[in-house]
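Report on the following structure.
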Amino acid sequence: MNSKNKYFNNTERLFGTDGIRGKVNGEKINALMAVNIAMAAGEYFYGKAGTKRPRVLIGKDTRLSGYMLEPALVAGFTSLGIDSITTGPLPTPGIAHLTNVLRCDLGVMISASHNPYQDNGIKLFNADGYKLSDDVENKIQSLLKKGPRLSNSENLGRARRMEDAIGRYIEFIKSILDKNEDLSGIKVVLDCANGAGYKVGPEAMFELGCDVISMSISPDGKNINDKCGAIFPKKMAEMTYKSKANIGIALDGDADRVIFSDEKGELIDGDQIIGVLANNMKTSNQLNNNTVVGTIMTNLSLEQYLNSLGINLNRVNVGDRYILDEMINNDYNLGGEPSGHVLLTNHSKTGDGLLTAIKVISLLKKSGLQASEFLRPFKMTPYKIKNINQVDNKILDNSIVKNKIKDFNKQLSDNGRILVRPSGTEPLIRILVESKEKSLIDKYLTKVSEILDQNIKK
């Protein structure tokens, strides 16, 4: 690799909030980089294997570039003497789970999650199935420049395909329900985003007794997240209403997040789902330390609703890995984001869209209510999010910009809030304005956009 590469020289951080992500055949994501990342990660984890021969589990979503990146990663790992197990398309949470139960030393998911097919990414998991800490990621990046200690020819690693990965993951998903419980009598519309859940999603739902109408289950390498799935849930919602289904479900490209629709075809915010789960877990004495972990993006009304139930909300930075860190460090077992990432650590090591969906369907069936009644336990504070594309994040360090946003928040006072933050996965800045007075939302979205635009031009 080019010694001038900024990632090799640690002049720019390789890892984002959810692994490594970028344009295919760009500086971050290409075949040569994948080989080097595998060798660096393999070098770090090799010594963690103890006396057994180290091995890695590698999964992917349905992107065309997965055919390029998977063998590149295998080559990098086997060159160090690490055995590689590939699963083919499987949800990110499936890789996290199987990494742990198969006693692998690390797991790798090839996916750019909700991004379009032109992007791809590499997510790494430790032997326990958890995403890596910032410290471990930094150590792996530092090893890029140092270079690996390659195996001698007789100790090269081997590679094999895991044929029963889908079945193993489905059985795990089904195990979260009570013994003898099924979901019969529930009609479900399931949009798999032409992504990693296109096989496991419909099959798991069917085996649990659901009447399943499946959408976006014909991946061609380029149609992942393309006007479907959790990023474009409108078609799923329309089909839910049209088919008179009880509930609609939309997964994203790697199936670690989920968006719901009620029977009327109206979308349900992720914060509402967290409210439903929190109430159930509190009532059944399953909510650890009476606390839910959210993010700075979590709706104000969810916090107020939880407080009314005697539940605390702890906010962290955006990204399910930060939610998980807070949960693990403080023994909490429920957390999530409005985007549909939900973490139920009694069951899973990471966000799991399919697992969350099955849990919610189970609660819905037990309630005897319609989704429109049961899945909206509180009234959301109105909000809008605006994305400013292709902007240098350093604009947010500008003192004029920072002070103006602070002044705007003071003006809103108890009527709402403004949050401006860079995306951790895409080259854009997000503006969130929340207010009980809807007229103020557009007003302050415009004000913040103008301040950013004025100072960008400078």
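What follows draws every value from the coordinates through simple rules; no lab data is involved. Bear in mind that the values here come from a model prediction, so they are computed numbers and not experimental data. Neighbour counts run over all protein chains shown; Cβ positions are idealised from the backbone, glycine included.
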Worksheet item: Can you give the extra length, in nm with one decimal, that the chain gains between Asn312 and Asp220 once fully stretched, where that is 0.36 nm per residue apart less the Cα-Cα distance?
Response: 28.7 nm
Worksheet item: List the lysines whose alpha-carbon lies under 23 Å from that of Lys123, not counting same-chain residues fewer than 8 positions away?
Response: Lys6, Lys23, Lys28, Lys48, Lys60, Lys131, Lys139, Lys145, Lys146, Lys199, Lys222, Lys349
Response to the item:
Quick note on Leu132, Leu251, ordering by fewest other C-beta atoms within 10 Å, gives Leu132, Leu251
Worksheet, complete the sentence: Under the Karplus relation with 6.51, -1.76 and 1.60 and θ = phi - 60°, whole-Hz ³J(HN,Hα) for segment 309-318, x at Gly and Pro, equal 8, x, 10, 8, 10, 9, 9, 10, 5, 5
Worksheet entry | For segment 383-457, convex hull volume per residue from C-alpha positions, Å³ | 77
Worksheet item: Applying 1/(1 + (r/R0)^6) with R0 = 45 Å to the Cβ-Cβ distance of Lys438 and Arg158, what FRET efficiency is obtained, to the nearest 0.05?
Response: 0.15
Practice prompt. Using the Karplus curve 6.51 cos²θ - 1.76 cosθ + 1.60 with θ = phi - 60°, work out ³J(HN,Hα) for each residue of segment 278-288 in order, rounded to whole Hz, and write x for Gly and Pro.
Written response: 4, 4, 4, 5, 5, 4, 8, 6, 10, 8, 5
Worksheet item: Taking θ as phi - 60°, what are the ³J(HN,Hα) couplings along segment 74-89 by the Karplus curve (6.51, -1.76, 1.60), each to the nearest whole Hz, with x for Gly and Pro?
Response: 4, 4, x, 5, 5, 5, 9, x, 9, 6, 10, 10, 9, 10, x, x
Discussion item. Take Val136 and Arg149, extend 7 Å from each Cα along the Cα→Cβ direction, and tell me the distance between the two endpoints in nm.
Written reply: 2.0
Fill in: Helix-only [θ]222 nm of the chain, DSSP H runs n ≥ 4, -39500 (n - 2.57) each, per residue, nearest 500
-11000 deg cm²/dmol
Item to complete: Would you please classify the overall shape of the chain from the alpha carbon gyration tensor, given that a ≥ b ≥ c denote the square roots of the eigenvalues, rounded means a/c under 1.5, and beyond that prolate means a/b larger than b/c while oblate covers the rest?
Response: oblate
Worksheet item: How long is the gain from Asp182 to Leu369 if the chain were fully straight, where each residue apart is worth 0.36 nm and the alpha carbon distance is subtracted?
Response: 65.6 nm
Discussion item. Taking the Cα of Ile456, stepping 7 Å toward and past its beta carbon, and measuring to each backbone N in segment 373-396: which are under 17 Å?
Written reply: 385-396
Fill in: Relative contact order (percent, whole number), the chain, Cα cutoff 8 Å, 6+ residue spacing
13
Fill in: Ranked packing of 133-143, 222-232, 236-246, most packed first, by mean Cβ within 10 Å
222-232, 236-246, 133-143
Worksheet entry | Cross-link reach list, aspartates and glutamates versus Lys384, counting only Cα pairs under 15 Å and skipping chain neighbours closer than eight places | Asp269, Asp271, Glu434, Glu437, Asp442
Worksheet item: Counting alpha carbon pairs within less than 8 Å and at least 6 residues apart, what relative contact order, in whole percent, applies to segment 1-90?
Response: 29
Practice prompt. State whether segment 1-81 is rounded, prolate or oblate according to the following rule on the C-alpha gyration tensor (a ≥ b ≥ c being the square roots of its eigenvalues): a/c under 1.5 gives rounded; otherwise a/b larger than b/c gives prolate, and the remaining case gives oblate.
Written response: oblate
Fill in: Gain in span if fully extended, Gln304 to Arg430, counting 0.36 nm per residue against the direct Cα distance
43.0 nm
Fill in: Virtual spin-label span in nm between Leu267 and Ile328, 7 Å along Cα→Cβ
3.1
Fill in: Shape of segment 185-266, Cα gyration tensor, a/c cut at 1.5
oblate
Worksheet, complete the sentence: From fewest to most C-beta neighbours within 10 Å, the residues Leu287, Leu57 line up as Leu287, Leu57
Response to the item:
Per-residue Cβ contact counts at 10 Å, fewest first, order Met39, Met109 as Met39, Met109
